[in-house]
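The values are calculated or read from the model by the stated rules, or taken from the named source; none is laboratory data. Owing to the predicted nature of the structure, the values given are computational and were not obtained by experimental measurement. Note that we place each Cβ from the backbone using ideal geometry, even for glycine, and neighbour counts take in every protein chain shown. For accessibility, only protein heavy atoms count, side chains too; no ligands or nucleic acids. Shrake-Rupley method; radii C 1.70, N 1.55, O 1.52, S 1.80 Å.
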Amino acid sequence: MALLSAGVGAILCLLVLAPLVRLVAVTLTPDGLRAWQEVAASELSRNLLWRPIVNTLAIGLAVGAGATLLGSALAWLVVLTDVPGRRLIGVLASVPFILPSFAVALAWEAAFRNGRVGGHVGLLQNLGLAVPDWIAWGIVPVVATLIVHYYSLTFALVAAALAAVNADLLEAGAMTGASQARLMGGITLPLVLPAVVAAALLGFAEGVSNFAAPAILGLPVRFHTLSTRLFGAISIGQVERGYVLSVILIAVAGALLLVGTRLGGRRSFAVITGKGSRYARVRLGRWRWPACGAALAICGLTAVAPGVTLLASSFLHQPGAFAGGWTTHYWLGPSSPEIAQGQPGILRNPQVLHAAGTTLGLGAAVAVAATVLGVAVGYCLARSRVRWLTGLIAQLSYLPILLPGIALGAAFIAQFARPLGPLPPLYGTFAILVVAGAAYTLPFASQAGRAAVAQVSTDLEEASLMAGATLPRRFVAIVAPLVARGMLAAAALVFVKIVRDLSLMLLLMTPTTPLLSVVAFRYASEGFVQFANAITTVVVAISVGVTWLARRLQRSTQPWMDHD
Amino acid sequence: MTEPAIEVRKLWKRFGQVDAVAGVDLDVPPGAFLVLLGPSGCGKTTVLRLLAGLEEPTTGEIRIGGRTVASGAQGTMVPPAGRGAGLVFQSYALWPHMTVWGNIEWPLKVARWSPADRSARVREVLSLLSIEDLEGRYPSEISGGQQQRVAIARTLAPRPRVLLFDEPLSNLDAKLRVEMRAELLRIHRATGATSVYVTHDQIEALALATHVAVMREGRIEQVAPPADILATPATPFVATFVGTPPGNVVPAVVHEGRFWWHDVDLAPAGGVSEGERRWLLYRPEQISVCAEPGPRRVQVTLAEALPLVGRTVLTCWHGSSRITAVVDRVVRLDPGATLYLGLPDAPATSYADNGSQAGGA
Ligand SMILES: Nc1ncnc2c1ncn2[C@@H]1O[C@H](COP(=O)(O)OP(=O)(O)OP(=O)(O)O)[C@@H](O)[C@H]1O
Ligand SMILES: [Mg+2]
């Protein structure tokens, strides 16, 4: 057992701690220190750091607030009121988070792009509507697309918290004659406040870390955030500057989350006792149908519209213009010099097919690696008695949640671009993608691992211990089969996270290991919108399909759905 | 005659296909302590929630203090707070984010009491329940028994005319339960509020009640003071449900002017005609235990012998019917032994109808 824990601890150190330490260390070399100075205290700082950091914080705050408001309101409607179509609203509201964030941003671009930066324009402009710049570019669309993406997460968190509130507590409130508003302010809200705060912090951190939305909707008009600056610096070879920006980004995103978990952890309202009873839902009266309409409109627009927009625009001859007619060229067409500089349709393009293969392979490899690691972490945390070691494992397995994907990618470059002891430099190999993916998805996988292992009672194992089984034997014969079901769903979700990821892989990918999301991103930045949209549609389809499968495996992921 | 504090008329509550409450009529006199007693799922909680106003009746009417608070026919539905009733939840339902003081005070705030009145009243109920020291604590920082007291204090604070309790003691351990029973009686005397109390524990019912209503499958089988319920159970179900141990009800068929249970000749059938069925009640204490067969003796197999304050309760099987007997001495018998139970000359009472209850084979 001690050996296993030590092994897991060592792997986590290598996976999570070492790249971070290395990242910081590089910024403390003479070159690194010069980069600090350039970034923070030179005439470049204004553009390199201060403006991006203001933008970044503004995006984080707006996304945290917006996503929390929207998600909580929808969760309240679905869980506690008699709004018609609750189930459908609940299902739709959980979709946007499954979509890659670059899908939402590309869909926004396909709809709202205007002529400001030249090139093609979006659907609305082509239909004759003048789209103002502030809707097409910059902070407004970035915040809007990120809210679309993350309200879905807030919804899930708050809905789960609301569903866990003992109905008696609300009925006891109703017995006093308090109005609905009073009940909500005096009882419901304080009870779910920890979840709401956690959701808001997560929304903030995600808004701060996100790369795809500002890259697609901000970069063309020189709207920068920390993550786009970081990407820019590294991709033009100013690696140290990139590392410095990574450290700053990690500090900004991580600090608040860390504070938040501290705050949230202090007072959690465990349900006191006894069985809860069935709760009479809040009657909305004449607001029932308007509320239903509004909720369905929001969820429909955010869950369905991006996918449909992308799919439709991938069949348009000219980007964003119905007038130009429809074509299947961007999917199936052979190379022809008149269209798209001779690029064939994505299903005939060997590069895209190669990317599809690598992406699926990477998703599968990371899913396996992360799941195995997750179970091992869960097992150590549940069974090991070495206090400091379990503490270390718990902290390290949680740490990546504080790390923006693009910054983690930078840390991996810092660590693995050179030979590491006996290991050859991993940069440019498939292996580094797998390792980085495993580190990135570790918090999720180990949480799933903990939950799964917690269901295997110690008794079962002790029974086999009495029978003389060794640890590996027990693990394989008792633990593994019992956690398999839960972990299968987790593996599927890890797979999805990787397949739709852009920010982590963007810096790590090289032409020998192309990935769908990165290829789509490149196409989009080069103006080949239909290809980008077609590939993104495929990624969306895979993400939604596999997530749906995983949910079926889990069944219990949405407890609030069974609450009637 | 004074007007009942609570009147219930032909009350029905249907959930989908289930009739949780199926035609309940009830009069509760002012100041009474009515206990609703019945097996799990018989609709006790639903009746209580209907009284509280947390559930709307499908049909029927409820009047509290002479005022109609719910009526299926007229569509009247007075909201919970307008009924002058307080409910103590089985789960206590203490708001975990408020202190003990806050929990008790909040309903008064909602009812717009002045701050001075509020704080005086909170102090008063805290001392009534002897929990003055706990006022600053959160619910998660006090014991189960203390939470129970806080829940009661919170319900009492707005001075409800009617107190409703849903199995309030079921989460407490045996010793605390006895203590809290005494406490509840004291509070009932102190407040004089008409109380309706749900339980499936008949000891609790008999200890607390001025009136017991025995429920089964959404209906009330009998309402009477506890002693009467024990002395003259109105239906075979009540007879077999109430009492420690409960009575034995035996299905008998009339043959040649006598009641027969299988091949046992029980008693003269009186005026009952040939071939009819009756359900005969034999109290455990009327049954004697014998070693040999004889007239009115039933051959049984002993399932268990439970010594109880100088007596022994014998649970026996006759085929698939269970018979309980009490003997006035401590007997030593092994389970599995064959015994003969001697029935008295005449049953305690007989019922023409067992209300679809299978009273034995
Ligand atoms: N909201 C509901 N929806 C559907 N069925 C319900 C609902 N509430 C109660 N029932 C059903 O009505 C019947 C009576 O339920 P009730 O809770 O009143 O029983 P009870 O006597 O309080 O039982 P217990 O002693 O177990 O608490 C049960 O069959 C129950 O399943
Ligand atoms: Mg009940």
Criterion violated by residue B:224 - all others in (1) open to solvent by less than 20 Å² (accessible area, probe 1.4 Å); (2) touching a residue at least 40 places away in the same chain (Cβ under 8 Å) satisfied: (2)
Going through the stretch B:241-266 one residue at a time, which ones are in contact with a strand residue (DSSP E or B) (Cβ under 6 Å, 6 or more places away or on another chain) and either open to solvent by 40 Å² or more (accessible area, probe 1.4 Å) or of a type in the set (D, E, K, R) (or both)? B:253, B:258, B:260, B:265
Which of the strands (runs of 3 or more DSSP E) contained wholly in the stretch B:1-69 include at least 3 residues that are under 27 Å from residue B:207 (Cβ atoms), within 16 Å of ligand 2 (Cβ to nearest atom) and within 16 Å of the chain's Cα centre (by Cα)? B:33-37
Failed condition for residue B:64, given (1) more than 16 Å from residue B:213 (Cα to Cα); (2) surrounded by 23 or more Cβ atoms within 10 Å (Cβ to Cβ); (3) within 16 Å of ligand 1 (Cβ to nearest atom), with all others met? (3)
Per the filter on the stretch A:133-166, residues hydrophobic (A, V, I, L, M, F, W, C), within 14 Å of chain B (Cβ to nearest Cβ) and buried (at least 20 other Cβ atoms within 10 Å of the Cβ) are A:161, A:165
Pick out the one residue from A:172, A:178 that is assigned to a loop (DSSP other than H, G, I, E, B) and either within 14 Å of another protein chain (Cβ to nearest Cβ) or among the β-branched types (Val, Ile, Thr) (or both). A:178
Qualifying residue in the stretch B:90-105 (condition: touching a Lys or Arg at 6+ places or on another chain (Cβ under 8 Å) and within 16 Å of ligand 2 (Cβ to nearest atom)): yes
Take the residues in the stretch B:97-113 that are in a loop (DSSP other than H, G, I, E, B) and within 23 Å of residue A:191 (Cβ to Cβ), then tell me which one is farthest from the other protein chains (Cβ to nearest Cβ). B:99
Test residue B:150 against the stated conditions and say whether it is away from chain A (no Cβ under 11 Å), crowded, with 18+ Cβ neighbours inside 10 Å and not in a loop (DSSP other than H, G, I, E, B). no
Residues to consider are B:289, B:298, B:327; find the one that is over 29 Å from the mean Cα position of the chain (by Cα), more than 26 Å from residue B:39 (Cα to Cα) and open to solvent by less than 30 Å² (accessible area, probe 1.4 Å). B:298
Filter result for residue B:94 (within 14 Å of ligand 1 (Cβ to nearest atom), surrounded by 19 or more Cβ atoms within 10 Å (Cβ to Cβ) and at the interface with chain A (Cβ under 10 Å from one of its Cβ atoms)): no
Pairs please, first residue from the stretch B:198-219 and within 14 Å of chain A (Cβ to nearest Cβ), second anywhere and among the hydrophobic types (A, V, I, L, M, F, W, C) and within 14 Å of ligand 2 (Cβ to nearest atom), Cβ atoms under 6 Å, 6+ apart in sequence or on different chains. B:198/B:36; B:198/B:48
So residue B:129 fits all but one of (1) within 16 Å of ligand 1 (Cβ to nearest atom); (2) buried (at least 20 other Cβ atoms within 10 Å of the Cβ); (3) not acidic (Asp, Glu); what number is the exception? (1)
Any residue at all in the stretch B:62-75 that is within 21 Å of residue B:221 (Cβ to Cβ) and more than 14 Å from chain A (Cβ to nearest Cβ)? yes
Can you find, within the stretch B:153-188, the residue that is nearest to residue B:125 (Cα to Cα) among those that are among the small types (Gly, Ala, Ser) and more than 12 Å from chain A (Cβ to nearest Cβ)? B:153
Of the residues in the stretch A:434-493, those that are outside any helix (DSSP H, G or I), small (Gly, Ala, Ser) and loosely packed, with under 14 Cβ neighbours inside 10 Å come to A:457, A:467, A:468
Criterion violated by residue A:84 - all others in (1) over 30 Å from residue A:180 (Cα atoms); (2) of a type outside the set (Gly, Ala, Ser); (3) assigned to a loop (DSSP other than H, G, I, E, B) satisfied: (1)
Subset of the stretch B:16-38 (residues that are open to solvent by 10 Å² or more (accessible area, probe 1.4 Å), touching a residue at least 24 places away in the same chain (Cβ under 8 Å) and near ligand 1 (Cβ under 7 Å from one of its atoms)): B:20
Among A:360, A:373, A:310, A:347, which is the only one that is modelled with pLDDT under 90 and in a helix (DSSP H, G or I)? A:310
Among residues belonging to the stretch B:39-60 that are open to solvent by 40 Å² or more (accessible area, probe 1.4 Å) and away from every other protein chain (no Cβ under 14 Å), point out the one that is farthest from ligand 1 (Cβ to nearest atom). B:59
What is the number of the single condition among (1) modelled with pLDDT of 85 or more; (2) open to solvent by less than 70 Å² (accessible area, probe 1.4 Å) that residue A:33 does not meet? (2)
How many of the residues making up the stretch B:48-80 are under 17 Å from residue A:281 (Cα atoms) and in contact with a helix residue (DSSP H, G or I) (Cβ under 9 Å, 6 or more places away or on another chain)? 9
Collect the residues in the stretch B:82-96 that are more than 26 Å from the chain's Cα centre (by Cα) and part of a helix (DSSP H, G or I), keeping them in residue-number order. B:82
Suppose the filter is open to solvent by less than 40 Å² (accessible area, probe 1.4 Å) and assigned to a helix (DSSP H, G or I); does residue A:220 pass it? no
Residues A:420, A:399: which one is at pLDDT below 90 and surrounded by fewer than 16 Cβ atoms within 10 Å (Cβ to Cβ)? A:420
The conditions are (1) within 14 Å of another protein chain (Cβ to nearest Cβ); (2) surrounded by fewer than 22 Cβ atoms within 10 Å (Cβ to Cβ); (3) more than 24 Å from residue A:74 (Cα to Cα), and residue A:130 fails exactly one of them. Which is it? (1)
Quick check on my filter: what residues within the stretch B:114-129 are farther than 25 Å from residue B:184 by Cβ and part of a helix (DSSP H, G or I)? B:115, B:116, B:117, B:119
Are any residues in the stretch B:81-90 in contact (Cβ under 8 Å) with a residue 40 or more places away in the chain and touching a helix residue (DSSP H, G or I) at 6+ places or on another chain (Cβ under 7 Å), and if so, which ones? B:85, B:86, B:87, B:88, B:89
